[in-house]
Amino acid sequence: MEYNDKLARFRQGHLNPFNKPKEEESPREDGEQEPSKESPPGSPLRVPEFQCLERVMDLGVSEDHFSRPVGLFLASDIQQLRQAIEECKQVILDLPEQSDKQKDAVVRLIHLRLKLQELKDPHEDEPNMRIILEHRFYKEKSKSVKQMCDKCSTFIWGLIQTWYTCTGCYYRCHSKCLNLITKPCVRSKVSHQSEYELTICPEAGLDSQDYRCAECRAPISLRAVPGEARQCDYTGQYYCSNCHWNDLAVVPARVIHNWDFEPRKVSRCSMRYLALMLGRPVLKLREINPLLFNYVEELVEIRKLRQDILLMKPYFITCKEAMEARLLLQLQDRQHFVENDDMYSLQDLLDVSIGRLGASLTDIHTMFAKHIKLDCERCQAKGFVCELCKEGDILFPFDSHTSVCQDCAAVFHRDCYYDNSTSCPRCTRLNLRKQAQEPGEEKW
Ligand SMILES: [Zn+2]
Ligand SMILES: [Zn+2]
Ligand SMILES: [Zn+2]
Ligand SMILES: [Zn+2]
Ligand SMILES: [Zn+2]
Ligand SMILES: [Zn+2]
């Protein structure tokens, strides 16, 4: 019955997505960037196709020959359609080549075939899930009209065409295009390889690609004959207009070397890869470009905050109250901040560039310190009294004026520690005790 409902809705909505004025088209639900308007005349995205379709729809094809009260579909409908298709094919052959009439007939044929497909309801016999080249494609239920197929770069008409989205990389395509996919899912690349290309736009030249698209091998050139060559700023390679939609993305190599966050044009595949990698902490700034810390002041501040947070972590994982208050979850979007102090994701760096990371990390730091030093007796009890001067407030390793013994983790005033030539009275005491015990141990 679901099928009949679908059909009913299809008919009530007047049926023809092609006839919809452009303004009425529902916005994309996923908020993804729309394909570029700069597509060349040869591209399948161009508009004239639709104008052409509309023109023909007016010639009577759009009339719903097969309308009937819902639920009254007969096998003969499919038969009639098949017959109409055959007749239409014959008409096309009989009409003069390239004539307007012949073109109209071709469009009519397409329309009839779509009708036939609709009547046969492909939605029902296509599996819900398909695994192809490590993509995990799930059949989409949404009927929203304006989607683009990542394989053939034409619209996906949700009402009449079945389409799939990969849950790994969000690759989206017609069911008819599934078997044409040649690129494995970038999700697997993200989990296996997990590394960025860190050379800025590493171009090798079109000749090294044999003047073909780096992805689908379609012939391309900079003169746009036979196909336009579009460069991907991330890989440095050239792509055809089907594989490169002029999507914009921030390129990690430019961020790391130039602190440049200007989005550049990248291929579809790079765009998906970069989107999946965005939150992954794979950039070891200290090794890739230590000079960045001299140049970007905020990074120094953030490094200090991260080191402090790591020093606070032992307090939280041994404090029931802190665990119950789920304090460490403040950092759940940046789990790596609780694990180390030198790995960064591209998202971290983007947030640094707009001043957001420093601010939010300072807030978290303040909240953590407040728990340990003021709110929680249990944590307070784990503070230190400076053993060198035995004066002043309780010290914590993340306090700014302190030094921590690398061996026993005791905390001292920084000044006291340096005055005592950085030797630790606690370690000295522990060593003495150990030596005193050793003769006793020999008895055993
Ligand atoms: Zn397609
Ligand atoms: Zn995928
Ligand atoms: Zn291509
Ligand atoms: Zn506590
Ligand atoms: Zn002291
Ligand atoms: Zn010590």
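The values are calculated or read from the model by the stated rules, or taken from the named source; none is laboratory data. Here the structure is a predicted model, which is why all the values come from computation and not from measurement. Glycine also receives a Cβ, built like all others from the backbone with ideal geometry; neighbour counts cover every protein chain displayed.
Taking the listed residues THR366, THR402, THR362, the one that is touching a Lys or Arg at 6+ places or on another chain (Cβ under 7 Å) and either within 23 Å of ARG306 (Cβ to Cβ) or touching a residue at least 60 places away in the same chain (Cβ under 8 Å) (or both) is THR402, with no other qualifying. Considering (1) within 16 Å of ligand 1 (Cβ to nearest atom); (2) not in a loop (DSSP other than H, G, I, E, B), the lone condition that ILE160 does not fulfil carries the number (2).
Restricting attention to region 174-190, and to residues there that are within 14 Å of ligand 2 (Cβ to nearest atom) and in a helix (DSSP H, G or I), which single residue is surrounded by the fewest Cβ atoms within 10 Å (Cβ to Cβ)?
Residues of region 174-190 that are within 14 Å of ligand 2 (Cβ to nearest atom), as a first pass: 177-178, 181-190.
Imposing the further condition that a residue be in a helix (DSSP H, G or I) reduces the set to 177-178, 186-190.
Numbers: CYS177: 19, LEU178: 17, VAL186: 26, ARG187: 20, SER188: 14, LYS189: 19, VAL190: 20.
Per the criteria, the residue is SER188.
Only one entry in ILE364, ILE354, ILE394 is away from ligand 5 (no atom under 16 Å from the Cβ) and closer than 24 Å to ILE317 by Cβ, namely ILE364.
The criterion of at least 2 residues that are within 30 Å of VAL190 (Cα to Cα) and under 36 Å from the mean Cα position of the chain (by Cα) is met, among helices (runs of 4 or more DSSP H) falling completely within region 309-416, by 346-353, 356-370. Of all residues in region 100-116, those that are assigned by TED's automatic domain parsing to the domain that holds ILE85 have Cβ atoms under 8 Å from Cβ atoms of residues that are among the basic types (Lys, Arg), 6 or more apart or on another chain, in ASP104/ARG55; LEU109/LYS89; LEU116/ARG82.
Consider CYS169 carefully, then state whether it is hydrophobic (A, V, I, L, M, F, W, C), more than 16 Å from ligand 5 (Cβ to nearest atom), surrounded by 20 or more Cβ atoms within 10 Å (Cβ to Cβ) and modelled with pLDDT of 85 or more.
On the way: hydrophobic (A, V, I, L, M, F, W, C): yes; more than 16 Å from ligand 5 (Cβ to nearest atom): yes; surrounded by 20 or more Cβ atoms within 10 Å (Cβ to Cβ): yes; modelled with pLDDT of 85 or more: yes.
So CYS169 fits the description; yes.
Selection of first residues in region 159-179 that are farther than 21 Å from LEU116 by Cα and more than 16 Å from ligand 3 (Cβ to nearest atom) and of second residues that are assigned to a strand (DSSP E or B) and of a type in the set (Ser, Thr, Tyr), restricted to Cβ pairs under 7 Å at least 6 apart or on distinct chains, gives the following pairs, ordered by first then second residue: THR165/TYR138; THR167/TYR138; ARG172/THR165. When region 191-210 is filtered for residues that are away from ligand 3 (no atom under 16 Å from the Cβ), exposed (fewer than 15 other Cβ atoms within 10 Å of the Cβ) and not in a helix (DSSP H, G or I), the ones remaining, listed by number, are GLN193, SER194, GLU195, THR199, PRO202, ALA204, GLY205. The set of residues in region 263-297 that are farther than 22 Å from SER194 by Cβ, surrounded by 15 or more Cβ atoms within 10 Å (Cβ to Cβ) and charged (D, E, K, R) contains only LYS265.
Here is a yes/no grid of residues against (1) surrounded by 15 or more Cβ atoms within 10 Å (Cβ to Cβ); (2) under 45 Å from the mean Cα position of the chain (by Cα); (3) at pLDDT 85 or above:
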| site | (1), (2), (3) |
| --- | --- |
| GLY60 | no, yes, no |
| GLU63 | no, yes, no |
| GLY71 | no, yes, no |
| LEU74 | no, no, no |
| GLN79 | no, no, no |
| ILE85 | yes, yes, yes |
| LYS89 | no, yes, yes |
| ASP94 | no, no, yes |
| LYS101 | no, no, yes |
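On the given criteria, is SER188 more than 16 Å from ligand 3 (Cβ to nearest atom), of a type in the set (Gly, Ala, Ser) and more than 22 Å from the chain's Cα centre (by Cα)? No: the conditions fail for SER188.
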